[in-house]
Amino acid sequence: MKLENYITGKWITGDGDGQSLYDAVTGEEIAKATTEGLDFGSILDYGRSIGNPALRRMSFHERGRMLRALATYLNERKEKFYQVSYKTGATKTDSWIDIEGGFGNLFSNASLRRKFPDLPYCTDGDPVSLSKGGNFMGHHILVPKEGVAIHINAFNFPVWGMLEKCAVNWLAGVPAVVKPATITSYLTEAVVQEIIASGILPEGALQLICGSAGDVLDHVSSQDVITFTGSKSTGLKLRSHPKVLNESVPFNMEADSLNAIVLGEDVDPGIPEWDIFIKEIRKEMTVKAGQKCTAIRRIFVPENKMEDVWKAIALSLKQTTIGNPLNEKVRMGSLAGQIQRQEVKQQVQKILASSQIVYGSLDSVEVLDADPDKGAFLSPLLLLNEKPFESTAVHEVEAFGPVSTIMPYKDLSEAIELSKKGKGSLCSTIVTANDKIAKDYVVSAGTHHGRMLVLNAECAKESTGHGSPLPMLVHGGPGRAGGGEEMGGIRGVKHYMQRVAIQGSPTSITAITRIYQQNAKGNTDGKHPFKKYFEELQIGDQIITGKKLITSEDIDRFADLSGDHFYAHLRDTDFSNTMFDKQVAHGYFIMSAAAGLFVDSYEKNPVLLNYGIDELRFTKPVYAGTEIHIRFTCKEKIPQDQKPARTAEGVQSGGDENDLPKGIVKWLVEIIDETNEPVGIATILTMVKRKP
Ligand code: NDP
């Protein structure tokens with residue numbers, strides 16, 4: 001069976017015999033992959049000219065709902081993917097991380113849409129004031145790039161590797177061309193078959209190449225983005241491709257990473273953190289048979305606890321049943337193929353030049369329900385290096401399998417130094433019940449690790465673990481780890497967008513950003529904005545309220561009512577050596593008095609409720625005798641999805657009657673005194689009904 005490539009809107013098989021792909025457990029050939037004869041230039045052009053305009057037209061909210069629909073669709077078909085995943089040597093748990101972890105990523109990014117406006121583009125950061133008179137200002141916006149995201153992925157996560165990246169470029173409004181590592185591309189193809197069949201993505205949003213990447217990099221342009229996960233040598237070669245350099249194509253690289261775990265000096269046998277440490281190491285060595293870019297490769301332990309620790313790890317590893325992932329008793333499957341097994345063994349030999357094996361064997365492994373020679377099985381290998389400052393291969397060589405090395409340290413400063421010898425990693429963990437140790441490690445070693453986990457009894461039960469990159473946290477690391485960064489919520493989306501600094505009048509910047517900027521022209525059409533439905537409200541709808549005199553009696557009454565008798569709000573305070581000249585009004589009283597001025601009272605109106613305050617600043621003391629008024633402006637509108645109604649059978653059917661169709665409206669409240677100076681400013685939020 002030849003795998004198909006999904007390109008230029010069609011499923012196409014490449015020419016020639018192709019590369020044979022094998023079941024990692026039985027060694028049987030299961031498919032062939034070839035991209036011979038494909039025109040890579042036209043693949044990228046198709047993405048740019050068909051997929052890109054379709055996605056960039058959609059708003060973040062539409063793209064987010066698309067991700068949610070896709071995740072739901074794929075989740076309903078997950079069993080099919082598990083059956084294919086077992087052929088990669090992955091156990092059920094390994095497959096769950098890859099398959100449902102990938103769908104989880106789509107769901108997380110779907111929810112992330114709420115942090116963005118209902119527009120195809122968004123602002124970045126805060127407005128910048130650029131003039132005294134307030135009529136010239138700056139801001140930043142992010143617009144989707146006009147190219148394609150080219151993802152060149154590693155073999156270890158055929159599903160997650162694709163979806164953790166695509167979720168983000170799709171949310172940003174950019175299409176993808178995915179090139180999974182060839183040896184496990186049959187699983188990626190199975191998922192893409194379903195994605196395309198779903199019809200949920202616009203045409204051109206996803207293309208798949210199963211096999212060699214050919215001359216794809218000869219056709220990249222400055223609006224494209226390349227991401228790479230794999231070996232450092234390939235990454236460097238691709239990153240320095242002349243076309244990539246000439247066109248300044250952003251290149252996000254994730255390569256070898258020698259991740260470290262540290263046992264805090266405070267942890268002894270008998271306290272919970274001891275067992276947590278041992279368990280975490282076993283998990284990291286055996287999940288995916290250690291074929292995780294984040295797996296723990298280096299273990300640092302106080303020198304007087306070395307023997308106790310390695311014996312405990314060995315005992316724990318002994319309980320791991322290795323074999324055919326289809327057997328329920330199996331806890332660790334095989335490597336992805338014979339070539340990978342050979343490569344891991346070669347790498348281990350390099351590390352062994354200056355260390356020794358204290359658990360496992362390079363030559364034999366006991367397996368359940370499988371042939372240890374035909375399948376790519378390898379025993380977990382715990383290595384011991386007693387001189388980690390002198391024997392440095394362990395800090396340089398990555399054995400991409402169930403392999404880890406234990407090493408001693410004298411004090412925390414040594415542990416920090418040793419962790420940095422990896423020259424940059426994706427993640428590092430410290431197991432300690434002492435937060436001073438945790439702080440010292442994180443702050444000092446933080447320069448060399450992309451993510452850090454402080455693990456102890458308080459969080460262990462709920463911890464997502466050392467090895468799990470999470471959609472809302474940054475994944476990537478400095479130096480050897482490639483210097484890349486992906487995911488991380490909003491941060492990840494920005495990699496696929498162009499940041500543009502914009503300058504102009506507040507009125508122009510309001511029109512561009514669709515967020516009201518202070519000093520922009522407002523529209524006062526006479527109708528109170530609280531009388532308008534969500535659809536009717538326009539950014540910039542404004543009222544200037546009547547005036548209210550703040551009296552000493554008001555301040556006294558507010559102090560009594562709220563119980564806030566702070567000295568500055570009392571008439572008979574001696575105000576020498578204070579910030580004030582005399583009795584000053586409570587900030588919250590001024591805010592409440594402001595609401596009294598801008599709220600349109602008595603009659604029911606489309607405003608459903610007050611939802612909160614985003615920002616609130618009191619900029620000038622308000623003394624008794626001050627007269628305030630309010631400039632109240634519609635600042636931003638954020639639509640909300642109506643909850644779906646469910647029938648008795650749980651089937652979705654239209655909107656839930658109990659959940660009114662509505663949106664969030666942000667309002668700028670400028671509180672101004674009789675000298676026309678601002679005394680306070682706030683952004684308040686309300687829920688506003690949609691038209692019946
Ligand atoms: P490779 O670097 O060989 O391959 C990674 C990806 O690059 C694959 O999709 C591969 O495709 C592709 N590729 C290789 N050569 C080219 C080229 N000339 N042009 C375009 N694409 C190319 O890494 P592996 O996946 O084989 O993994 C090897 C090692 O990488 C591991 O042993 C481990 O050390 C490291 N690794 C690191 C990871 C991390 O996240 N830090 C994750 C996985 C692996 P093809 O399969 O068709 O060759």
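The figures follow:
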{"item": "Subset tally (residues that are small (Gly, Ala, Ser) and under 30 Å from ALA585 (Cα atoms)) for region 655-692", "result": "2"}
{"item": "Number of positions in region 1-37 that are crowded, with 19+ Cβ neighbours inside 10 Å, among the hydroxyl-bearing types (Ser, Thr, Tyr) and either under 31 Å from the mean Cα position of the chain (by Cα) or assigned to a helix (DSSP H, G or I) (or both)", "result": "1"}
{"item": "In region 477-503, residue nearest to the chain's Cα centre (by Cα) [restricted to those that are surrounded by 23 or more Cβ atoms within 10 Å (Cβ to Cβ) and aliphatic (A, V, I, L, M)]", "result": "MET487"}
{"item": "Residues of region 143-160 satisfying the condition of being farther than 21 Å from THR72 by Cβ, within 16 Å of the ligand (Cβ to nearest atom) and outside any loop (DSSP other than H, G, I, E, B)", "result": "ALA149, ILE150, HIS151, ILE152"}
{"item": "Long-range neighbours under 6 Å by Cβ, at least six apart or interchain, first residue more than 7 Å from the ligand (Cβ to nearest atom) within region 229-245, second among the β-branched types (Val, Ile, Thr) and at pLDDT 95 or above", "result": "LYS243/VAL220"}
{"item": "Residue in region 525-543 that is more than 16 Å from the ligand (Cβ to nearest atom), more than 30 Å from VAL148 (Cβ to Cβ), touching a Leu at 6+ places or on another chain (Cβ under 9 Å) and assigned to a loop (DSSP other than H, G, I, E, B) present", "result": "no"}
{"item": "Index of the failed condition, LYS461 passing every other in (1) free of Cβ contacts under 8 Å to residues at least 40 places away in the same chain; (2) crowded, with 19+ Cβ neighbours inside 10 Å; (3) not hydroxyl-bearing (Ser, Thr, Tyr)", "result": "(2)"}
{"item": "Identity of the residue in region 596-628, under 21 Å from GLY663 (Cβ atoms) and aliphatic (A, V, I, L, M), that ends up nearest to the chain's Cα centre (by Cα)", "result": "ILE613"}
{"item": "Within region 38-116, helices (runs of 4 or more DSSP H) holding 3 or more residues that are among the acidic types (Asp, Glu)", "result": "92-112"}
{"item": "Among (1) closer than 18 Å to ASN385 by Cα; (2) within 11 Å of the ligand (Cβ to nearest atom) - the single one ILE296 does not satisfy", "result": "(2)"}
{"item": "Verdict on GLY125 being out of contact with any strand residue (DSSP E or B) (no Cβ under 8 Å at 6 or more places or on another chain) and surrounded by fewer than 24 Cβ atoms within 10 Å (Cβ to Cβ)", "result": "no"}
{"item": "Strands (runs of 3 or more DSSP E) contained in region 555-663 and holding at least 1 residues surrounded by 16 or more Cβ atoms within 10 Å (Cβ to Cβ)", "result": "607-618, 627-639"}
{"item": "Candidates ALA205, ALA255, ALA197, ALA260 - the one that is touching a strand residue (DSSP E or B) at 6+ places or on another chain (Cβ under 9 Å), closer than 29 Å to THR13 by Cα and not β-branched (Val, Ile, Thr)", "result": "ALA205"}
{"item": "Qualifying positions in region 162-220 - at positive phi, within 11 Å of the ligand (Cβ to nearest atom) and either among the acidic types (Asp, Glu) or surrounded by 21 or more Cβ atoms within 10 Å (Cβ to Cβ) (or both)", "result": "GLY211"}
{"item": "Subset of region 246-261 [within 11 Å of the ligand (Cβ to nearest atom) and either more than 30 Å from LYS283 (Cβ to Cβ) or of a type in the set (A, V, I, L, M, F, W, C) (or both)]", "result": "MET253, ALA255, LEU258"}
{"item": "Residue within region 240-248 that is charged (D, E, K, R) and crowded, with 18+ Cβ neighbours inside 10 Å present", "result": "no"}
{"item": "Residues of region 191-236 satisfying the condition of being of a type outside the set (Ser, Thr, Tyr) and more than 30 Å from LYS80 (Cβ to Cβ)", "result": "ASP215, LEU217, ASP218, HIS219, VAL220, GLN223, ASP224, VAL225, ILE226, LYS232, GLY235, LEU236"}
{"item": "Residues (more than 23 Å from PRO388 (Cβ to Cβ) and surrounded by 16 or more Cβ atoms within 10 Å (Cβ to Cβ)) located in region 340-364", "result": "GLN340, ARG341, GLU343"}
{"item": "Residue within region 51-60 that is surrounded by 20 or more Cβ atoms within 10 Å (Cβ to Cβ) and among the hydroxyl-bearing types (Ser, Thr, Tyr) present", "result": "no"}
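The values are calculated or read from the model by the stated rules, or taken from the named source; none is laboratory data. Because the structure is predicted, anything quoted here is derived from the model rather than measured. We place every Cβ from the backbone using ideal geometry, glycine too, and count neighbours over all the protein chains shown.
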